[in-house]
Amino acid sequence: MEEFKDAVRKRDAAGLRALLAAHPELRDEIDRPDFEAAAPAIVFCRRDRAMVDVLLEFGADINVRSQFWGRAVGVLDDNPAEMRAYLIARGAIPEIDDFVEAVHARDAVTIRKLLATSSALRAQIDRPLFSFGAQAIVVAKNDRPVVEALLEFGANINVKSDWWAGGFGVLDDTDPEQAAWLIERGAIVDIHAAAGLG
């Protein structure tokens, strides 16, 4: 794994291709958030077309995002228009940025509109697109209109964040009244949630 990280940090596309071809087991780890700001390799190298091409060739997910606590970043973030167009042509979903923004803004109307018009975005609804590897429903768990909008489009109320320090769900750090409402909508009370809710 250290050789993989070194090749990515050096932006050595040829060396990375040879390494991934010789070590198929590395492909299972290709999307791990191992780089600065808890970024996966493809996000870390998002401005380097040759590196993106190699990573995609070996199975990297172009829509994976960083797990940085301050701001989750994807391949389209902070990229010039030409590179954004190239990444979109390779499968990056541009609506993800608007969706993330709408969830943070607690804008249920925009969330519904985006999900209604983009099947590609709907397929990402339970992905860890937010800081700490959280999903939209975990981030918006205390906003009933947003939770309802997400559930309407198939969000799984029982997802857990994909953070290295442990997963968190909709019932974690939620007040008892909101937790009861979430449970009515299908949230399962595990031992951690039960302890947290007394």
Original post:
Translational D (Stokes-Einstein, µm²/s) of the range 12-114 at 25 °C and 0.890 mPa s when Rh comes from the Kirkwood sum over C-alpha pairs?
Top reply: 170
Original post:
What residue among A81, A13, A108 shows peak mean-square fluctuation when the chain is described by a Gaussian network model with Cα springs under 10 Å?
Top reply: A81
Original post:
Reachable aspartates and glutamates from K10, Cα under 19 Å, same-chain residues fewer than 8 places away excluded?
Top reply: E2, E29, D31, D34, E36, D48, D53, E57
Original post:
Among all the aspartates and glutamates, which ones have a C-alpha under 18 Å from K141's C-alpha, if same-chain residues fewer than 8 places away are not counted?
Top reply: E101, D107, D126, E152, D162, D172, D173, D175, E177, E184, D190
Subject >> Within straight-line cross-link reach of K5, lysines at Cα separation under 25 Å, skipping those fewer than 8 residues along the same chain >> reply: none
Subject >> 17 Å reach of a label modelled at D190, 7 Å along Cα-to-Cβ, counting backbone N of the range 133-163 >> reply: 133-139, 141, 156-163
**OP:** Specify the angular offset, from 0 to 90 degrees and rounded to the nearest 10, of the alpha carbon long axis of helix 108-117 from the longest principal axis of the alpha carbons in the chain.
**Re:** 50
Original post:
So between D143 and D173, what do we pick up on full extension, going 0.36 nm a residue minus the alpha carbon distance?
Top reply: 9.4 nm
Subject >> Mean projected area (nm²) of the alpha-carbon convex hull when the chain is viewed from all directions >> reply: 11.6
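Values in this text are rule-based calculations from the coordinates and carry no lab data. These figures come from a predicted structure and were not determined experimentally. As a convention, Cβ positions derive from the backbone with ideal geometry for all residues, glycine included, and neighbour counts pool all protein chains shown.
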